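Below is one structure, written out as structure tokens, with a few remarks after it.
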Amino acid sequence: MLVLAEVYRQQQWLFENNKQSIEDRIVSLSQPPIRPMVRGKAGKNLEFGAKLSASCFEGYVFLDRMSWDNFNESGDLKAKIKAFKSYTGYYPESVHAYRIYRTRENRAWCKERGIRISGPPLGRPPANVTKETKKQAWEDERIRNSIEGKFGQGKRRFSLNRVMAKLDNTSGTAIAITFLVMNLSTWLRRVFCVFLCQKPKITPIYRSVIIKNYNWTSYRKKKLCFAELESFLNCDRDFS
């Protein structure tokens, strides 16, 4: 009844004031916290659900911020790097982030602390780009794709895009548990690889493949210091 009364109040205010929008407008009776967010994607102008900001370090993904309202992610970069230092005791060597995080303020803040931020510099692109710069850009983009893959893995394997809980706290719990299960899956896969490498009767061919993949993962861990991305979770509900 409280939700219906709030919907009636909002609709009456829109009618009396001849407006098309109102703050915190309820669009779903079953999930009142959900807000429509304009994305401008092909075929999806609006998306519904929680907006997440996550970071990835050494293959493990951390849920840093979750909100049912739209927010600018660029303001969270400093807090995430400080949290990284609090956890590890040192600043990351490099930050691999989406272009919305590469603001002038964030670039200056990272430069003062000796942190290299991925992406091209601000301003007009140079006419001639060296091979080293192209290789570095390709390497940075490959590292940043790991957080993209984590969101894809959560949606495909762990139903991250089908949050069925109705309340905001239960939905947040379901989302947090999904990230926990993804990290446990990563940890279990690494333990299993180490166990196979120590097995004396394992086939030599598979042993060499496992060692090669493990060495590549260790190399990537040295390069992958910090990455973040935002994502919307589409809820499987009908909206009014």
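The values are calculated or read from the model by the stated rules, or taken from the named source; none is laboratory data. Since this is a predicted model, take the numbers as computed values, not measurements. Positions of Cβ are generated from backbone atoms using ideal geometry, with glycine treated the same way; all protein chains shown enter the neighbour counts. In case anyone asks, the SASA skips ligands and DNA or RNA and just uses the protein heavy atoms, side chains included. Shrake-Rupley method; radii C 1.70, N 1.55, O 1.52, S 1.80 Å.
Numerical summary
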item: Residue match in the range 147-154 (condition: among the charged types (D, E, K, R), open to solvent by 90 Å² or more (accessible area, probe 1.4 Å) and modelled with pLDDT of 50 or more); result: no
item: Every pair of residues 6+ apart whose Cβ atoms lie under 8 Å, when the first sits in the range 141-158 and is under 8 Å from Met182 (Cβ atoms) while the second is open to solvent by less than 20 Å² (accessible area, probe 1.4 Å) and not in a helix (DSSP H, G or I); result: Lys150/Ala54; Lys150/Cys56; Lys150/Val61; Gly154/Leu160
item: Of residues in the range 14-30 being open to solvent by less than 100 Å² (accessible area, probe 1.4 Å) and more than 32 Å from the chain's Cα centre (by Cα), the one farthest from Met164 (Cα to Cα); result: Asn17
item: Any hit, the range 79-96, residues being crowded, with 16+ Cβ neighbours inside 10 Å and either more than 30 Å from Glu141 (Cα to Cα) or in contact with a Leu (Cβ under 8 Å, 6 or more places away or on another chain) (or both); result: yes
item: Single residue of the range 97-125 satisfying the filter (of a type in the set (D, E, K, R) and modelled with pLDDT under 85) that is least open to solvent (accessible area, probe 1.4 Å); result: Arg99
item: Cβ pairs under 6 Å, 6+ apart, first in the range 123-138 and farther than 20 Å from His96 by Cβ, second open to solvent by 80 Å² or more (accessible area, probe 1.4 Å); result: none
item: Hits in the range 149-170 - residues which are closer than 26 Å to Tyr98 by Cα and small (Gly, Ala, Ser); result: Gly149, Gly152, Gly154, Ser159
item: Qualifying residue in the range 153-167 (condition: among the aromatic types (Phe, Trp, Tyr) and outside any helix (DSSP H, G or I)); result: yes
item: Filtered residue count, the range 45-78, keeping only those that are touching a helix residue (DSSP H, G or I) at 6+ places or on another chain (Cβ under 9 Å), of a type outside the set (D, E, K, R) and open to solvent by less than 30 Å² (accessible area, probe 1.4 Å); result: 12
item: From the options Glu148, Glu139, residue that is more than 15 Å from the chain's Cα centre (by Cα) and part of a helix (DSSP H, G or I); result: Glu139
item: Those residues of the range 157-176 which are open to solvent by 50 Å² or more (accessible area, probe 1.4 Å) and under 15 Å from the mean Cα position of the chain (by Cα), in sequence order; result: Asn161
